[in-house]
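Student: I am attaching a structure below and will ask some questions about it afterwards.
The values are calculated or read from the model by the stated rules, or taken from the named source; none is laboratory data. Since we're looking at a predicted model, the values are computed, not measured. Counting neighbours? That spans all protein chains shown, and the Cβs are built from the backbone with ideal geometry, glycine included. SASA here: full protein model, heavy atoms, side chains in, ligands and nucleic acids out. Shrake-Rupley method; radii C 1.70, N 1.55, O 1.52, S 1.80 Å.
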Amino acid sequence: GGQHGGRYLPVSRRGRRCQRMAENEFRAFNRWLNGLLGLEGLGHWSEANMGAELGYYFTVYVRNLTAATVLYYMLGVFWTWLVSNSESILGMVIFKGGEIKKEGSVLDQIILAQSSIFLYAMLPVLDEFLIESGVTKVYMHVDEIGGFLPYVIMTICYFLLVEVGIYWMHRTLHTNEFLYKYIHKLHHKYNSPDTLSPWASIAFNP
């Protein structure tokens, strides 16, 4: 509780949660990272105009959105260059027969992917909220999980579980008629050499 006039006053459950969220290392790290990326001004503005909590998570969202967008276009340009020069670099032709793309197909993929990124960027914000709220446990330091060896073991297990989870999720998107029709089918419309390109990598139905 808090001290007032020599007496300790009880703190509500919501008050304890807010205090924990305000003092945790994860939030301090996010603020440091936002500052490193030049978003400190946005953070101050958003928290002043949207409230401390909403403004904080809004800044985290903008950071995720910006990073995901930049990464998508960087990788898109790189893989487009590599595919275009695959014969001289890799000794083989990738997307044979698709040297000339159907008019508008690449732009369509980019628009669809960018629309999806606006939603994808929200997922890490939700994760951050769950972590800072104490709903799920995340370790900030290696010694918190018993040292380097447990860290390596947990990391391996994590990636194995992620791969298995992605496999079954993707498989379900194909085997479940409802999910395929309304969520995943749009991604597979780029299934011919004259439409398929690196820009379709995350061109999913938002």
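Student: In the set V70, V62, which member is in a helix (DSSP H, G or I), loosely packed, with under 13 Cβ neighbours inside 10 Å and modelled with pLDDT of 90 or more?
Tutor: Exactly one of V70, V62 is in a helix (DSSP H, G or I), loosely packed, with under 13 Cβ neighbours inside 10 Å and modelled with pLDDT of 90 or more, namely V70.
Student: Within region 131-158, track down each residue that is surrounded by 12 or more Cβ atoms within 10 Å (Cβ to Cβ) and free of Cβ contacts under 8 Å to residues at least 24 places away in the same chain.
Tutor: The answer is Y139, V142, E144, I145, G146, P150, Y151, I153, M154.
Student: Let me ask another. Against the definition (assigned to a helix (DSSP H, G or I) and open to solvent by less than 90 Å² (accessible area, probe 1.4 Å)), how does N34 come out, yes or no?
Tutor: For N34, the condition - assigned to a helix (DSSP H, G or I) and open to solvent by less than 90 Å² (accessible area, probe 1.4 Å) - is met.
Student: So how many residues does region 160-185 have that are open to solvent by less than 60 Å² (accessible area, probe 1.4 Å) and either of a type in the set (A, V, I, L, M, F, W, C) or touching a residue at least 60 places away in the same chain (Cβ under 8 Å) (or both)?
Tutor: Adding up the residues that qualify gives 3.
Student: List pairs: first residue in region 106-118 and farther than 11 Å from N205 by Cα, second residue surrounded by 17 or more Cβ atoms within 10 Å (Cβ to Cβ) and modelled with pLDDT under 90 anywhere in the structure, Cβ distance under 7 angstrom, at least six positions apart or on different chains.
Tutor: From region 106-118, the pairs are V106/S197; V106/W199; I110/W199.
Student: While we're here: Condition (residue is modelled with pLDDT of 90 or more and within 23 Å of F26 (Cα to Cα)) applied to region 160-174: is it met by at least one residue?
Tutor: Yes, region 160-174 contains at least one residue that is modelled with pLDDT of 90 or more and within 23 Å of F26 (Cα to Cα).
Student: So I94 fits all but one of (1) more than 27 Å from R27 (Cβ to Cβ); (2) part of a helix (DSSP H, G or I); (3) not polar (S, T, N, Q); what number is the exception?
Tutor: It fails just one condition, (2).
Student: Also, I was wondering about something else. Residues G76, G41: which one is part of a helix (DSSP H, G or I) and over 19 Å from the mean Cα position of the chain (by Cα)?
Tutor: G41
Student: One residue is enough: does region 105-119 have a residue meeting the conditions among the aromatic types (F, W, Y) and outside any helix (DSSP H, G or I)?
Tutor: The answer is no, given that none of the residues of region 105-119 is among the aromatic types (F, W, Y) and outside any helix (DSSP H, G or I).
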